[in-house]
Every structure is written in structure tokens, then in C-alpha cells.
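S.K.: What follows is a single structure, and I will ask about it in a moment.
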Amino acid sequence: MSGPRQTCLPAVALAALCSIPLGARAQSTPPPTGEAPTVTPAPGSSPGYGQPSAPPTYQAAPPPGYAPPPGYAPPPGYAPPPGYAPGYAPPPLGYAPVPEVQLHNGIYVHLHIGGGFTSLSETSYGQTTKVSGGDLSLNVAVGFSVVPNLAVFGNLIIVAMANPTVTVNGVSSSATNDSASLAGFGAGVVYYFQPVNLYVSGAVAAIGFDFSDSNGNTTQESEIGIGFQGMVGKEWLVSPRWGLGVAGEFIAASMKDKTDPSARWGAGTFSIVFSATYN
């Protein structure tokens, strides 16, 4: 009986010793190749991702020439950096912004002063009288814009000559302290061409002429006649509403003589004027 029992005890002990390392290896052996390990997401992360759902970091401005792909939409809650709009493609290198064009609107006020040359002539009873010389031109116009860059106005016109030359039948003379003037009221329109701020204006005026000697006595005078004033000028803005400039002014008029209704005075002036305009 003792023989078989002694033979089985060593076999049982050997089997027990072999079972211990096999169990330990079963616990530490990784799963077979091809199976994804199970990962527990961190608190606050999106399902299926191993990273927190913190908003991404965007650079202040995209690189030159960058344009978002078609259909691109920023993430929910994303605010673009200051000065950059989503979907905006930066301009190419060498791009220059288009300057803002100033439009003329509202009240129109125009003042100018300048000088030039004036000539007036009349023929009466076979005698031709001509008055000519350098002039001083003054103008005040007030109106309003009816559409951008187009204004209507009423104006006061004054053209004065000091010590003009008087020519009678071709014989000229000049007396000290003599004076002559054209003066009247008109109504007209002015239009500005933008962005160059060049303007043209025209006015029809009721205008008259008088000539005074050195003692202040009126020796020649006309009835109120009809005249035309035209200007072409250029202005430079010195504030959002004020512009300073230079212009050429032309005035033509026809007036009956006050003492001889059969005679008419014809007038023509050309002046270079400096202007200030509020519009």
C-alpha cells in the first residue's frame, strides 16, 4: 500500500507548483493583438476623445493669402480676434485702400474774392464809349444741396474797378479817383465732380452798371439788365465740411443806358478768385 501513495505525492506537488506562475501570467498578459484597450475618458472630455474639450487657440491673423475652405464655419462660441472677421481673405500684397470720397450735402455757403479784367462799352448817337481796367471781384452765395454734390443757391455779385481807362471814339483818358462797378443778385446751380472735388457753377443775375467821377458824382449809369456768371474751380478739403480753392470766373451782361434807352451797355469780365466753401 505504501508504494503507490508515495508515487502520487510527488506528482500532486509538482502540479500545484506549476499552477501558480500560470495564474500570474494570465493576469499580466496584454490582450491579443488587434483589440483596442479600454480607456476611461477624463472628466470634461468629449465622448470618444482622450483630450479635454477646451476651445482651440487661434492665431491673431491668418497668413497672407489665406482663405477659409468652402463651407467653413467656426466652432460654436468662437469669437474672432479683434480686427479680423471670419471668412475674410486678407488683401494681396501691395493693396492700397480706396480713399473715402467726400460728398457735398446740406447747407451750401460759398465766398470768394479775386481780381481780373473788366470791359464795358456803349454806342450812343454815333459815339462809342468804353470803360475798362483791372477789377476786384466779390461773391457771396448761400443755398442747399438737392442731391449729393448738386446744390442750388442765390448770390450777390460785385465787380469794382478803380481808376478805369475811359475811351471815347478811340481816344483814351484816365482820371484819378474815378470808379466803375457791376453789381447784382443771381440764382444758380453748382455741381462737384468727385473724387477730384472739381466744380462748375452757373448763375443768371439781375445786374447793373454805374460810373462815378472823382467827386463821387454818377456820370454813367444803366438800367437793371440780365447777366450770366460762370465758374470752374478746384477745392481742397481742410475739414469734413470746409474746402479752400481757386477758380476762374466769367461774367457777361447786357444793360440799357439809363439816360438813353436806345443805347445798351455790354459788359464782360474775367477774374481769378480764391474761394472758401462750406457744404
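The values are calculated or read from the model by the stated rules, or taken from the named source; none is laboratory data. Everything numeric here is computed off the predicted structure, so don't read it as measured data. Positions of Cβ are backbone-derived with ideal geometry, glycine not excepted, and every protein chain shown enters the neighbour counts.
S.K.: Mind checking which residues of the range 245-279 are exposed (fewer than 14 other Cβ atoms within 10 Å of the Cβ) and free of Cβ contacts under 8 Å to residues at least 40 places away in the same chain?
M.R.: Scanning the range 245-279 gives THR259, PRO261.
S.K.: Right, another one. Filter the range 96-149 down to residues that are aliphatic (A, V, I, L, M) and closer than 15 Å to GLY243 by Cβ and give me whichever is modelled with the lowest pLDDT. Talk me through it step by step, then tell me what you get.
M.R.: Residues of the range 96-149 that are aliphatic (A, V, I, L, M), as a first pass: 96, 98, 101, 103, 107, 109, 111, 113, 120, 131, 136, 138, 140-142, 146-147.
Okay, now just the ones that are also closer than 15 Å to GLY243 by Cβ, so 101, 103, 107, 109, 111, 141.
Numbers: VAL101: 62, LEU103: 82, ILE107: 95, VAL109: 97, LEU111: 97, ALA141: 98.
It comes out as VAL101.
S.K.: Anything in the range 173-207 that is modelled with pLDDT under 90 and buried (at least 16 other Cβ atoms within 10 Å of the Cβ)? List them, or say none. Outline the logic, then answer.
M.R.: Kept after step one, since they are modelled with pLDDT under 90, are these residues of the range 173-207: 173-178.
Correct list: ASP178 only.
S.K.: I would also like to ask the following. Please identify the pairs in which a residue from the range 209-231 that is surrounded by 15 or more Cβ atoms within 10 Å (Cβ to Cβ) has its Cβ atom under 6 Å from the Cβ atom of a residue that is assigned to a loop (DSSP other than H, G, I, E, B) and among the charged types (D, E, K, R), counting only partners at least 6 apart or on another chain.
M.R.: Filtered contacts from the range 209-231: GLU221/LYS258; SER222/LYS258.
S.K.: Sort out which residues of the range 115-151 are surrounded by fewer than 14 Cβ atoms within 10 Å (Cβ to Cβ), within 23 Å of VAL171 (Cα to Cα) and not β-branched (Val, Ile, Thr), and write them in order of number.
M.R.: PHE117, TYR125, GLY126, GLN127
S.K.: Please work out which residue is nearest to SER137 (Cα to Cα), limiting yourself to the range 234-249 and to residues that are among the charged types (D, E, K, R) and in a strand (DSSP E or B). Please lay out each step first, then the result.
M.R.: Going residue by residue through the range 234-249, those that are among the charged types (D, E, K, R) are 234-235, 241, 249.
If we keep only those that are in a strand (DSSP E or B) too, we end up with 234-235, 249.
Values: LYS234: 18, GLU235: 18, GLU249: 9 Å.
Top of the filtered list is GLU249.
S.K.: Filter the range 82-95 down to residues that are surrounded by 13 or more Cβ atoms within 10 Å (Cβ to Cβ) and of a type in the set (Ser, Thr, Tyr) and give me whichever is modelled with the highest pLDDT.
M.R.: TYR88
S.K.: Report, by residue number, each residue of the range 161-172 that is surrounded by fewer than 16 Cβ atoms within 10 Å (Cβ to Cβ) and aliphatic (A, V, I, L, M).
M.R.: Listed by number, the residues that qualify are ALA162, VAL168, VAL171.
S.K.: Only residues that are in a strand (DSSP E or B), over 31 Å from the mean Cα position of the chain (by Cα) and among the polar types (S, T, N, Q): list them for the range 177-208, please.
M.R.: SER179, SER181
S.K.: Would you check which residues across the range 209-233 are aliphatic (A, V, I, L, M) and outside any strand (DSSP E or B) and list them?
M.R.: ILE224 - this is the single residue of the range 209-233 that is aliphatic (A, V, I, L, M) and outside any strand (DSSP E or B).
S.K.: I would also like to ask the following. Looking at VAL273, VAL238 in this structure, which one is within 47 Å of the chain's Cα centre (by Cα) and farther than 20 Å from PRO195 by Cβ?
M.R.: VAL273
S.K.: Say whether the condition of being more than 22 Å from THR123 (Cβ to Cβ) and of a type in the set (Val, Ile, Thr) is met by at least one residue in the range 229-244.
M.R.: The answer is yes; a qualifying residue exists.
S.K.: Being of a type outside the set (Ser, Thr, Tyr) and without any contact (Cβ under 8 Å) to a residue 24 or more places away in the chain narrows it down to one of VAL238, VAL189, VAL200, so name that one.
M.R.: Only one candidate qualifies: VAL238.
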